[in-house]
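Asks: Here you go, one structure.
Rule-based calculations on the coordinates, nothing more; no lab input. None of the values given here were measured: they were computed from a predicted structure. We place every Cβ from the backbone using ideal geometry, glycine too, and count neighbours over all the protein chains shown.
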Amino acid sequence: MSAAKEVGGNAGSSSPIDLSFWKGRPVFITGHTGFKGSWLSLLLSSLGAKVHGYSLTPPTTPSLFAEAQVDTQIESSSIGDIRDRSSVLKAIEASQPEVLFHLAAQPMVLSSYEDPFETYDINVSGTVSVLDAARKVSSVRSIVVITTDKCYENNEWEWPYRENDTLGGHDPYSNSKACCELVVQSFRKSFFHDVARNGRVVGIASARAGNIIGGGDWGVYRLLPDFFKAYERKESLTIRNPDAVRPWQHVLEPLMGYLVLGQAVFHDPARYSSGFNFGPDESLVKRVDDVLSALQANARHKVSVVYDRSDNKRHEAKLLRLDCAKAKNELGWRPRLTFEDSIKSTLDWYERWMAGEPAQDIVREQIEGYVSLWR
């Protein structure tokens, strides 16, 4: 990651993660064909893990999964629906994972307004399906369920949310993720808390991350994908909510947090089986308009922007911050990248890909650069 190489003091910090832990480790990922799931699959693969993926087909065309040829770099890739209980169980049994990351979800606020039933069905019932299967496979020792920073009851206040704040959510997506957190709590207490497997209690934690950016995201209703679509096609970009404040971070930042958490839960499930926030330092908590200005300042050519607040027909939180002291103090995780690093790395990815450079090569280089900050 070229931008990561510019980071100063953090690069020499002691690392809370034993990167050798993942070498040869069987890992199961749901949602591996999505943007974040593809990056996680490639990150784990680069560390020598035996990655087994289970997901629907890639949600967009193009997709990072296809462009970076993720299926050729992992142990196995199964296409299936997490709500299909028998298929999920067969896939987990076949791969015999020790660590399971559950990312598969309906991830969009606006899409949840269009089809709330499917949102709850995937995010809640799907999570129950995955966890029920995982508890039946004796190899599983560590489970990390990825939810969202939007799982909190957002009161639009200035101070950041902590893990013990009230869960809630206004829109169906956010609310479904709060429900998902309750499912995790129930399974932890009902099935994993006192169940010894291979001499260990199975650990299960949840990870709540902020808005992520990075190369290879072509999702809908997202600022950076929309920016780069307009950039590539030389079209105008419509902005609905320029003053919304979000905790922006490069995709590799929370992913490394998930690895630190998965490893901690594996070694000490009683201590670390709980919820953890993974968000940026205060310098990365920015308005949408600030992110757009940074993109415009660093991009090779400008994008015409149209502001249309009348298009903002559905409720979306205006202000959201995360308190990540728990992850920093208990796990030793902390962000390695500045806001400028994250923007430049994302721009670098798209501009190189648009110029014809293979996505696989760009991802590999950026992962290697980022991982070097943790050695």
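Asks: Would you work out the relative contact order for the chain, in percent, from Cα pairs under 8 angstrom that are 6 or more residues apart? Walk me through the numbers before you get to the answer.
Replies: Details: 737 pairs, mean separation 80.8, N = 375.
This gives 22 percent for the chain.
Asks: Straight-line reach from LYS344: which lysines fall under 16 Å, measuring Cα to Cα and dropping same-chain residues less than 8 apart?
Replies: Here the lysines satisfying the reach criterion relative to LYS344 are LYS5, LYS286, LYS302.
Asks: When the Debye formula is applied to the Cα atoms of the stretch 251-351, each taken as the same point scatterer, what base-10 log of I(q)/I(0) results at q = 0.10, 0.18, 0.20 Å⁻¹?
Replies: Summing over Cα pairs of the stretch 251-351 leads to -0.41, -0.98, -1.07.
Asks: Which one, SER274, PRO59, LEU237, is farthest towards the positive end of the dipole of the stretch 4-374 when Lys and Arg carry +1 and Asp and Glu -1 on their Cβ?
Replies: After comparing all options, I get SER274.
Asks: Can you give the FRET efficiency for ASP84 and THR61, using 1/(1 + (r/R0)^6), R0 = 30 Å, r = Cβ-Cβ distance, to the nearest 0.05?
Replies: Working: r = 23 Å, r/R0 = 0.78.
Computed FRET efficiency for ASP84 and THR61: 0.80.
Asks: Could you give the length gained on full extension between ASP132 and ALA270, defined as 0.36 nm per residue of separation minus the Cα-Cα distance, in nm?
Replies: Working: separation 138, 0.36 × 138 = 49.68 nm, distance 1.98 nm.
This chain segment gains 47.7 nm when fully extended.
Asks: Quick one: order TRP353, TRP39, TRP218 by neighbouring beta-carbon count within 10 Å, fewest to most.
Replies: Working: TRP353 22, TRP39 28, TRP218 19.
Listed from fewest to most nearby Cβ atoms, that is TRP218, TRP353, TRP39.
Asks: Under a cut-off of 24 Å between alpha-carbon atoms, report the lysines in cross-link reach of LYS50, not counting same-chain residues fewer than 8 places apart.
Replies: Correct list for LYS50: LYS23, LYS36, LYS90, LYS136.
Asks: While we're here: Can you give the direction-averaged projected area of the convex hull of the alpha-carbon atoms in the stretch 4-374, in nm²? Kindly include the intermediate steps, with their values, before the conclusion.
Replies: Values: hull surface 66.5 nm².
Quarter of the Cα hull surface area: 16.6 nm².
Asks: Could you work out how much longer the chain between ALA297 and ASP243 gets when fully extended? Use 0.36 nm per residue separation minus the Cα distance between them, nm to one decimal. Could you put the intermediate results ahead of the total?
Replies: On the way: separation 54, 0.36 × 54 = 19.44 nm, distance 1.85 nm.
Between ALA297 and ASP243, full extension yields an extra 17.6 nm.
Asks: In nanometres, what is the gap between the two model label sites at SER236 and ASN155, each 7 Å from Cα along Cα-to-Cβ?
Replies: 4.1 nm
Asks: To the nearest 20 debye, what charge dipole does the chain have about its Cα centre, counting +1 at the Cβ of each Lys and Arg and -1 at the Cβ of each Asp and Glu? Present the calculation step by step, with values, prior to reporting the outcome.
Replies: On the way: 43 positive and 47 negative charges, 147 e Å.
Computed about the Cα centre, the dipole is about 700 debye.
Asks: Place a label point 7 angstrom from the Cα of SER186 along the Cα-to-Cβ direction, then list the residues of the stretch 99-118 whose backbone nitrogen is under 18 Å away.
Replies: Answer for the stretch 99-118: 117-118.
Asks: Efficiency by 1/(1 + (r/R0)^6): what FRET value for LYS328 and ASP361, r their Cβ-Cβ distance, R0 = 41 Å, to the nearest 0.05? Let's see the in-between values first.
Replies: Working: r = 33 Å, r/R0 = 0.81.
The formula returns an efficiency of 0.80 here.
Asks: Then there's this: Could you tell me how far the Cα centroid of the stretch 281-300 sits from the Cα centroid of the stretch 46-60, in Å?
Replies: 30 Å
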